[in-house]
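**Student:** Can you keep this structure in mind? I'll have questions shortly.
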Amino acid sequence: MHNKFIKTINKIDTKNIWVIAIPFIFGTLWDPIINLIDTSVAGHMESAEFLASLTYGNNVVHIFYWVFGSVGMAITGFTSQKSGQKDESKIFKILITSISFMSIISIFLYIFQFQLWNVFSLIFKQSQSIETLTKDFFFIRIIGVAPQLIIMSTTSWFLGIKKPNIIFKTWTLMGITHILLLIVFTNYYNMKLNGIAYAVVISQWITLVYVFIETILILKKLNINIIYKFLPKEDITLLLKSFFDLFIRTLMLQSIYLVGTYYSSNLGVTTLASYGIFLQLSSVSYMVIDGPTLGSAPLMGESYGAKKINQFKSIYNNALFSGILTAALFTLIYIVFGKNLINIITDIETVRLESFKYIYLVSIIPIASVLSFQLDGAFSGMLKTKEMRNTMIFASLIYFISIFTLTKIIGNYGVWVSYIIFALSRGLSLNYYMKQIINKLSN
């Protein structure tokens, strides 16, 4: 088994994966980098409440991005399959359908923003000071949900047609404008947490304009007529089914982070602030490890759509090998430089000391997660969303049992041990389904 795996590792597939992965990584790395900068800015404010409120507010707003933005996996898979089948007539229709879907969701979220906040407030039950800070932050950030969701669906479409350089430019524009606005709002106008929120929202709307311009230019280069027609009914049904599966999958994934936030918040402001720091550090490693995953997804979608099964397996094995190397690198970085990174992010001594306790546990997470990351790319390329949904439900249930039990025994250490158990459970269960699919395709 191991010999077969090693034999499939080759320069051509690895190069093709990284040609897509590198600009995608550098582009999407702006998101965790911006989050780290925001965390650092809040971490140097006068109290830990600002950092705790930023963690709380970001986790709430990012639920919308993760849950609804996850449909991008279906958009990439469906687009790449149609590209492999040379069905160019549907490529633009996929984009129009996905943007329309995101627009409807965004309008719904904006209309019910007050009710949504009340639900989150009841769930987390924070102190009055944190509640006040986070409430203002939330109502500013909700204005940027629409452009962010449309950008995420459009960049997923860009990935499906293998245009990673445009993805890089998109996220780079958002990152640079965010930093410039952050300096203005927090340094010059001293707007504290609200300054961070305004920097995010304005950069999102500016970037949306750029994305629309790039989309029009791409359509002209591909000689695709801009006709505002939706996909046929059967394709919309397939996409909606995939959207629903991915919605459930990502809702469960977000519940993992929310439950982790809940348990950490119950242990105090300092523990919650520490939890926020590790979420940001982990997100950086996830973005890089996810590079081979996302770089291989459109290639696997194409080969699967064209029924080139051997090529599909070769691309997957090369992506997994690259993912293992990048995960091992981040595990090593966190073990060696973890304390230095924490010291850079915050100068609040109590938060630093609390974070130092868990750095070696958190270091294990990248290598524990690599199998599930790479299989996500394969399953999204094949549009096998039901399996993605089922394995996420299974792994989440394991996590809930684990965190409920372990936090009573070992406190906040149980939060991070449960994350490791969750990552391993998801990877192994996805691998079980993958073996079945490969065997079926080979027969």
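The values are calculated or read from the model by the stated rules, or taken from the named source; none is laboratory data. Only a predicted model underlies this, so the values are computations on that prediction, with no experimental measurement involved. FYI the Cβ positions are ideal-geometry reconstructions off the backbone, even for glycines, and counts take in every protein chain you see.
**Student:** Please enumerate the residues belonging to the range 422-438 that are among the hydrophobic types (A, V, I, L, M, F, W, C) and either in contact with a helix residue (DSSP H, G or I) (Cβ under 7 Å, 6 or more places away or on another chain) or not in a helix (DSSP H, G or I) (or both). Full working, then the answer.
**Tutor:** Within the range 422-438, the first condition is being among the hydrophobic types (A, V, I, L, M, F, W, C), and the residues that meet it are 422-424, 428, 430, 434, 437-438.
Matches in the range 422-438: Phe422, Ala423, Leu424, Leu430, Met434, Ile438.
**Student:** Keeping to the range 329-343, report how many residues are surrounded by fewer than 21 Cβ atoms within 10 Å (Cβ to Cβ) and either under 24 Å from Leu371 (Cα atoms) or touching a Pro at 6+ places or on another chain (Cβ under 8 Å) (or both).
**Tutor:** 7
**Student:** Of the residues Lys86, Lys82, which is closer than 28 Å to Leu299 by Cβ, assigned to a helix (DSSP H, G or I) and of a type in the set (D, E, K, R)?
**Tutor:** Answer to the check: Lys82.
Here's the yes/no breakdown for (1) closer than 19 Å to Ala328 by Cα; (2) in contact with a Gly (Cβ under 9 Å, 6 or more places away or on another chain); (3) acidic (Asp, Glu):
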position	(1), (2), (3)
Thr350	no, no, no
Ser363	yes, yes, no
Leu375	yes, yes, no
Ile403	no, yes, no
Ser418	no, yes, no
Phe422	yes, no, no
Arg426	yes, no, no
Lys435	no, no, no
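**Student:** Return the residue satisfying two criteria in turn: it lies in the range 188-199 and is outside any helix (DSSP H, G or I) and of a type outside the set (Ser, Thr, Tyr), and of such residues it is surrounded by the most Cβ atoms within 10 Å (Cβ to Cβ).
**Tutor:** So the residue we want is Met191.
**Student:** Which of (1) more than 28 Å from Glu387 (Cβ to Cβ); (2) assigned to a helix (DSSP H, G or I); (3) among the hydrophobic types (A, V, I, L, M, F, W, C) is the odd one out, the single condition Phe247 does not satisfy?
**Tutor:** (1)
**Student:** Let me ask something else about it. Inspect the range 122-145 for any residue being within 18 Å of Phe230 (Cα to Cα) and modelled with pLDDT of 80 or more and give the result as yes or no.
**Tutor:** no
**Student:** Residue by residue through the range 63-106, note down the ones that are surrounded by fewer than 20 Cβ atoms within 10 Å (Cβ to Cβ), farther than 26 Å from Pro32 by Cα and modelled with pLDDT of 85 or more.
**Tutor:** Ile96, Ser100, Ile104 - these are the residues of the range 63-106 that are surrounded by fewer than 20 Cβ atoms within 10 Å (Cβ to Cβ), farther than 26 Å from Pro32 by Cα and modelled with pLDDT of 85 or more.
Here's the yes/no breakdown for (1) touching a Phe, Trp or Tyr at 6+ places or on another chain (Cβ under 8 Å); (2) more than 30 Å from Ile33 (Cβ to Cβ); (3) at pLDDT 85 or above; (4) not in a loop (DSSP other than H, G, I, E, B):
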residue	(1), (2), (3), (4)
Tyr304	yes, yes, no, yes
Asn310	no, yes, no, yes
Ser314	no, yes, no, yes
Ala319	no, no, no, yes
Leu332	no, no, yes, yes
Asp347	no, no, no, no
Leu397	no, yes, yes, yes
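**Student:** Being in contact (Cβ under 8 Å) with a residue 24 or more places away in the chain and either assigned to a helix (DSSP H, G or I) or surrounded by fewer than 22 Cβ atoms within 10 Å (Cβ to Cβ) (or both) is true for just one of Ser402, Ser372. Which residue is that?
**Tutor:** Every option except Ser372 fails the conditions.
**Student:** Do we find that Thr326 is of a type in the set (Val, Ile, Thr) and either buried (at least 24 other Cβ atoms within 10 Å of the Cβ) or under 18 Å from the mean Cα position of the chain (by Cα) (or both) in this structure?
**Tutor:** When the stated conditions are applied, Thr326 passes them.
**Student:** While we're on this one: Exactly one of these conditions fails for Phe185: (1) in contact (Cβ under 8 Å) with a residue 24 or more places away in the chain; (2) farther than 22 Å from Pro23 by Cβ; (3) crowded, with 16+ Cβ neighbours inside 10 Å; (4) not polar (S, T, N, Q). Give me its number.
**Tutor:** It is condition (1) that Phe185 fails.
**Student:** Applying the selection to the range 291-307, what residues are surrounded by fewer than 24 Cβ atoms within 10 Å (Cβ to Cβ) and in contact with an Asp or Glu (Cβ under 8 Å, 6 or more places away or on another chain)?
**Tutor:** The answer is none; no residue qualifies.
**Student:** Identify, by number, the condition in (1) more than 29 Å from Asn318 (Cα to Cα); (2) surrounded by fewer than 21 Cβ atoms within 10 Å (Cβ to Cβ); (3) among the aromatic types (Phe, Trp, Tyr) that Tyr275 doesn't meet.
**Tutor:** (2)
**Student:** Next up: Within the range 10-27, which residues are surrounded by fewer than 23 Cβ atoms within 10 Å (Cβ to Cβ) and either of a type in the set (Val, Ile, Thr) or within 15 Å of the chain's Cα centre (by Cα) (or both)?
**Tutor:** Once the filter is applied, which keeps residues that are surrounded by fewer than 23 Cβ atoms within 10 Å (Cβ to Cβ) and either of a type in the set (Val, Ile, Thr) or within 15 Å of the chain's Cα centre (by Cα) (or both), the range 10-27 yields Ile12, Thr14, Val19, Ile22, Ile25, Phe26.
**Student:** Can you name every residue in the range 200-231 that is in contact with a Lys or Arg (Cβ under 8 Å, 6 or more places away or on another chain) and part of a loop (DSSP other than H, G, I, E, B)?
**Tutor:** Lys229, Phe230, Leu231
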